[in-house]
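A.B. asks: Quick one: structure below, then a few questions.
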Amino acid sequence: MKTAVMVFLIFCAGNGLRVDAAPAAKEMLAAPLTEKIRIDGMLSENAWQGPGRGDFVQSDPIDGGRPSEGTTVWVAFDHKSLYVAARMDDSQARQIFAQLARRDALVDYHGNLQDSDWFEFSVDPYLDRLTGFHFAVNPAGSIADAAMQNDTWMDYTWDGVWEYAARVDGRGWTVELRIPFDQLRFADREENIWGINFRRTIKRKNEKDSFVWIAKEDKGYVSRFALLRGLRGIRPRLSGEFMPFVVGQAEFTPAEAGNPFASGEKYRLNAGIDAKLKLKSNLIFDATINPDFGQVEVDPAVVNLTAYETFYEEKRPFFIEGANIFSFGQGGATDYYDLDFSNPSFFYSRRIGRAPQGEVSHAGYENYPDWTAIVGAAKLSGKIGNGWNIGILNALTAREYATVAAGKQRFRDEVEPQSDYGVLRLRKEFAQGRQGFGLLATSVLRDLSQDSLARMLNRNALTLAFDGWSFLDRNKTWVMTGWVGGSRVEGSREAIRDLQESPQHYFQRPDATHLDYDETATSLSGWAGKFTLNKEKGNLVFNAALAAISPGFETNDLGFMAAGDKLYGQVLAGYRQFQPGKLFRSWSLLAAKSLGYDFGGNRLTDNYFLFAESELLNYWTLESMAAFSQKTWLNDLTRGGPLMLHPAVRSFNLEVGSDGRKPLVLFAFVQNNRSASGGFNWTTELSLQWKPVANISLSVGPTYFFRHSLGEWVDTVSDPLQASTFGKRYLFATIDFRTLAISLRLNWTFNPRLSLQAYLQPYLAVGMYSGFKELARPRTFDFNLYGENGTTIAASAAGYTVDPDGPGPAAAFAFANPDFNFKSLRGTAVLRWEYRPGSTIFLVWTQNRSDESHPGDFQLGRDLRNLFGAAGENIFLLKITYRFNL
């Protein structure tokens, strides 16, 4: 077996390190305009009457084949803008797919355009072969635009201000674009040479044609662009825009008798301003004062039974626009195949403006703020010459107070300190992106004048990290990427003690001799890093990675991390076929191994994986995964207690997707995990998307999850007599846990600038606990069941009372009934009208309702009736923005 593996790896290396001569880049000439271009899609101007360029190559379904329909493109410019025109011939013009949707709505999870014919134009104004801008238009006038980075990655949070028009005629369809130069970043030169590419999608044929053909066995996009010459006499323009906004909000909630803060209705009026200034040809300054994020879609409901925090995606426009500049640790390689290692994040923008963390110090009715107000925030991003990219972000959040009413008295209790958040990102590319080096630094500074907050929050939190990559051969087949960073947090003894005892660290573990738990410490420091070798091109796939997170590493003040104290490695190899055969259009088969330890040498991860993916000739997709996890140790199941045995687990999943060209699109997913302990879980998901007409899309996605576990943590009780488990009893139970979530989405686009989006999610989560017991011995999965061998357990309305040794000396103890039945209904509807370029009106309705009756008992019909019958909270919001150009 080992010999076969070595032969396979040597074969991979030999195949990958072959150096081929890079093909010469295609070239195209941009024509200077002598007339004014009207953006109407007619192509009637003289600039579009010349021969143009039509030498496109098919990439799908025949890679390297001849396109089935002709495409001709032209490029022209004046002193203010770049103009692009295209004619897409189509022998069956009435069958052109023209889906109507709001901006970027037709981009799937992988960043691919879908559900329509498309024309795409990509440009690399710096000719750095890594970054650029991407513009796409479909026959209905729907658009998508993105900033490009790391050669192949698209960031569709970028929204440029540009003109476009599309028109369908008897020959096919046409497109015209006008892209102002102030929307692009380029050097101030007498003659600019840019990288460009054009792509066309013919949806009914699932055909994709490109001006620059990139074989599927190859990787890269921006690095392969053609050269656009002839751009003389253009200069970067200093420009800017200001967008003041006003927000009105009405909130209607159930009234509560005697509660002065719950009268049933609240009204709020707010205003602020967003600004964007182009300081140089390549530097952008963004600022926001008193930002409002009311038009953001609500987070889905979640019941989290783990000790770790739930990660939610960022949805606020100021933070997601241009967020790619702060991406860290993933340059060079385009695939990372993270299997069992969760990369810590140094910058997680949802920390800024988070819900206050403090508690009130007075008893009574509370008026507690939902989030922390952001006084102001600013970003500076762009290039500063010699291949350096820079990103700076700073935000100041306000001191927040909760108001407490106790009779006629009112108290203002501080629940969140004034805080300053800072991020600095620097990155330099060498040799047209073949190597790169970067730096990321973050800081959190809190003004902890309130003693109660000083006892629970870190005063300062600093991180500094470096990353980089290097391709190892001329053909850019093999790439090494890596990062290393350190952290330091400072605070009171109480704050640092709580940090050491948190789920991310668990320094108090009684059998963890490699950890230094110091209750008098006022700081905590640590380090982390990861290095990856990846094969980027060819049919053979290879990836290997080594990573480590020291026990004291901590980024959660401004980043996001699950846990430290990890040493990890993985290797993955396989084969992928891109050319169609008798059954599949493409397929891949990968095998992988992961192994992980803590810094004490305890094995925490030992897994084997097999992955299979395929696209059938009828454009259905099949994906499957099988995994086997060997017996290891768990250092977090006792939540600060000793190690426990993690029995072996077998896992399998399968997902099926139907042809996306059809009006009805199906996605189905099923997963099963089975433990040697007897526990198991099932996940089933079904998603249906219906597109009855070109401007309406309706999707419904029910997901059902069931878990039967024999080792669900319940509580920890101190008992000095329990020497076998270090003076504490670790309470566990068998749990039957099920969730049912149904996500419904409606996208109704009246025109590309006016759209309605609606989202609704009923969510049910029921947990029933039984068979209460305690851990018998560390490093086992053995338990002492209460009610046997002289122990007793008695149930009452308040919970359970346990005598762990009957007539023995151990004291009895009690704990609450952990059963639950959480039901939630969350929904939002957003009417969005871009009444002029960059100026928008949002009308938003949000509803929340919940119910917790019948804990531990799941009855679908009754639970849904209780949920829809529960009192609801309704919020109506109107936001108006207006864009002023400088």
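A.B. asks: Given the criteria surrounded by fewer than 17 Cβ atoms within 10 Å (Cβ to Cβ), in a strand (DSSP E or B), of a type in the set (Lys, Arg) and touching a strand residue (DSSP E or B) at 6+ places or on another chain (Cβ under 8 Å), does Arg167 qualify? Steps first, please.
C.D. replies: Values: surrounded by fewer than 17 Cβ atoms within 10 Å (Cβ to Cβ): yes; in a strand (DSSP E or B): yes; of a type in the set (Lys, Arg): yes; touching a strand residue (DSSP E or B) at 6+ places or on another chain (Cβ under 8 Å): yes.
When the stated conditions are applied, Arg167 passes them.
A.B. asks: I need the full set of residues from the stretch 675-695 which are within 30 Å of Leu100 (Cβ to Cβ), in a strand (DSSP E or B) and open to solvent by 40 Å² or more (accessible area, probe 1.4 Å), in order please.
C.D. replies: Glu685, Leu686, Leu688, Gln689, Trp690, Pro692, Val693, listed by residue number.
A.B. asks: For the list (1) at pLDDT below 95; (2) open to solvent by 30 Å² or more (accessible area, probe 1.4 Å), I need the number of the one condition that Arg459 fails.
C.D. replies: Only one criterion in (1) at pLDDT below 95; (2) open to solvent by 30 Å² or more (accessible area, probe 1.4 Å) is unmet by Arg459, namely (1).
A.B. asks: Give me the residue from the stretch 91-112 that is within 30 Å of Gly50 (Cα to Cα) and outside any loop (DSSP other than H, G, I, E, B) and, out of that set, most open to solvent (accessible area, probe 1.4 Å).
C.D. replies: Of everything passing the filter in the stretch 91-112, Arg94 is most open to solvent (accessible area, probe 1.4 Å).
A.B. asks: Condition check: open to solvent by 50 Å² or more (accessible area, probe 1.4 Å) and among the charged types (D, E, K, R). Does Arg87 satisfy that? First the steps, then the outcome.
C.D. replies: Values: open to solvent by 50 Å² or more (accessible area, probe 1.4 Å): no; among the charged types (D, E, K, R): yes.
For Arg87, the condition - open to solvent by 50 Å² or more (accessible area, probe 1.4 Å) and among the charged types (D, E, K, R) - is not met.
A.B. asks: Provide a single number: the residues in the stretch 224-244 that are modelled with pLDDT of 90 or more and either part of a strand (DSSP E or B) or open to solvent by 20 Å² or more (accessible area, probe 1.4 Å) (or both).
C.D. replies: Qualifying residue count, the stretch 224-244: 9.
A.B. asks: Tell me, yes or no, whether the stretch 175-195 has at least one residue that is under 26 Å from Ser68 (Cα atoms) and open to solvent by 10 Å² or more (accessible area, probe 1.4 Å).
C.D. replies: no
This table checks each residue for (1) assigned to a loop (DSSP other than H, G, I, E, B); (2) more than 20 Å from Gln450 (Cα to Cα); (3) open to solvent by 20 Å² or more (accessible area, probe 1.4 Å).
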site	(1), (2), (3)
Phe347	yes, yes, yes
Gly353	yes, no, no
Gln357	yes, no, yes
Ser361	yes, no, yes
Glu366	no, no, yes
Leu380	no, yes, yes
Gly385	yes, yes, yes
Ala395	no, yes, no
Val404	no, no, no
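A.B. asks: Between Trp158, Trp173, which is closer than 30 Å to Phe750 by Cβ and outside any strand (DSSP E or B)?
C.D. replies: Trp158
A.B. asks: Just need a number here: residues in the stretch 716-741 that are open to solvent by less than 50 Å² (accessible area, probe 1.4 Å) and part of a strand (DSSP E or B).
C.D. replies: Residues meeting the conditions: 14.
A.B. asks: Looking for something within 30 Å of Leu654 (Cα to Cα) and over 26 Å from the mean Cα position of the chain (by Cα) - is there at least one such residue anywhere in the stretch 736-744?
C.D. replies: yes
A.B. asks: Run down Ser492, Ser487, Ser523 and say which single residue is open to solvent by 20 Å² or more (accessible area, probe 1.4 Å) and in contact with a strand residue (DSSP E or B) (Cβ under 7 Å, 6 or more places away or on another chain). Walk me through it before giving the result.
C.D. replies: Values: Ser492 fails: in contact with a strand residue (DSSP E or B) (Cβ under 7 Å, 6 or more places away or on another chain); Ser487 fails: open to solvent by 20 Å² or more (accessible area, probe 1.4 Å).
Of the residues listed, the single one that is open to solvent by 20 Å² or more (accessible area, probe 1.4 Å) and in contact with a strand residue (DSSP E or B) (Cβ under 7 Å, 6 or more places away or on another chain) is Ser523.
A.B. asks: Does the stretch 375-397 include one or more residues that are among the hydroxyl-bearing types (Ser, Thr, Tyr), over 30 Å from Lys216 (Cα atoms), out of contact with any Pro (no Cβ under 9 Å at 6 or more places or on another chain) and at pLDDT below 90?
C.D. replies: yes
A.B. asks: I'm checking my understanding of the structure. Among residues of the stretch 569-603 that are closer than 30 Å to Leu457 by Cα and in contact with an Asp or Glu (Cβ under 7 Å, 6 or more places away or on another chain), which one is surrounded by the fewest Cβ atoms within 10 Å (Cβ to Cβ)?
C.D. replies: Phe599
A.B. asks: Say whether the condition of being without any contact (Cβ under 8 Å) to a residue 60 or more places away in the chain, part of a strand (DSSP E or B) and out of contact with any Gly (no Cβ under 9 Å at 6 or more places or on another chain) is met by at least one residue in the stretch 822-839.
C.D. replies: yes
A.B. asks: Looking at this structure, is Ile202 among the β-branched types (Val, Ile, Thr) and more than 30 Å from Tyr882 (Cα to Cα)?
C.D. replies: yes
A.B. asks: Also, I was wondering about something else. Any residue in the stretch 46-58 that is assigned to a strand (DSSP E or B), open to solvent by less than 20 Å² (accessible area, probe 1.4 Å) and in contact with a helix residue (DSSP H, G or I) (Cβ under 6 Å, 6 or more places away or on another chain)?
C.D. replies: Taking every residue of the stretch 46-58 in turn, none turns out to be assigned to a strand (DSSP E or B), open to solvent by less than 20 Å² (accessible area, probe 1.4 Å) and in contact with a helix residue (DSSP H, G or I) (Cβ under 6 Å, 6 or more places away or on another chain).
A.B. asks: Of all residues in the stretch 511-543, count the ones that are among the polar types (S, T, N, Q) and outside any loop (DSSP other than H, G, I, E, B).
C.D. replies: Qualifying residue count for the region: 5.
A.B. asks: Among the residues of the stretch 530-568, which ones are touching an Asp or Glu at 6+ places or on another chain (Cβ under 8 Å) and free of Cβ contacts under 8 Å to residues at least 24 places away in the same chain?
C.D. replies: Scanning the stretch 530-568 gives no hits.
A.B. asks: Let me ask something additional. Could we say that Leu616 is among the aliphatic types (A, V, I, L, M) and open to solvent by 50 Å² or more (accessible area, probe 1.4 Å) here?
C.D. replies: Criteria not met by Leu616.
A.B. asks: Among the candidates Thr703, Thr780, Thr739, which residue alone is free of Cβ contacts under 8 Å to residues at least 60 places away in the same chain, of a type in the set (Val, Ile, Thr) and either over 27 Å from His646 (Cα atoms) or touching a strand residue (DSSP E or B) at 6+ places or on another chain (Cβ under 6 Å) (or both)?
C.D. replies: Thr703
A.B. asks: Across the stretch 406-425, which residue is surrounded by the fewest Cβ atoms within 10 Å (Cβ to Cβ) among those that are out of contact with any Phe, Trp or Tyr (no Cβ under 6 Å at 6 or more places or on another chain) and under 30 Å from Phe437 (Cβ atoms)?
C.D. replies: Residue satisfying both the conditions and the ranking: Asp420.
A.B. asks: Hey, could you check the stretch 840-885 for residues that are assigned to a helix (DSSP H, G or I) and open to solvent by less than 80 Å² (accessible area, probe 1.4 Å) and say which is nearest to Asn821 (Cα to Cα)?
C.D. replies: Asp863
A.B. asks: Further, regarding this structure: Against the conditions (1) loosely packed, with under 15 Cβ neighbours inside 10 Å; (2) of a type in the set (Gly, Ala, Ser); (3) within 28 Å of Glu501 (Cβ to Cβ), where does Gly641 fall short? Just the number, please.
C.D. replies: (1)
A.B. asks: Considering the stretch 76-90 alone, what residues qualify as being outside any strand (DSSP E or B) and not acidic (Asp, Glu)?
C.D. replies: His79, Lys80
A.B. asks: A further question on this structure: Name the single residue, out of those in the stretch 93-118 being of a type in the set (Lys, Arg) and in contact (Cβ under 8 Å) with a residue 60 or more places away in the chain, that is farthest from Asn695 (Cα to Cα).
C.D. replies: Arg103
The values are calculated or read from the model by the stated rules, or taken from the named source; none is laboratory data. Since we're looking at a predicted model, the values are computed, not measured. Please note: Cβ atoms are built from the backbone with ideal geometry, for glycine as well, and neighbour counts cover all protein chains shown. All accessible areas refer to the heavy atoms of the entire protein, side chains included, with ligands and DNA or RNA removed. Shrake-Rupley method; radii C 1.70, N 1.55, O 1.52, S 1.80 Å.
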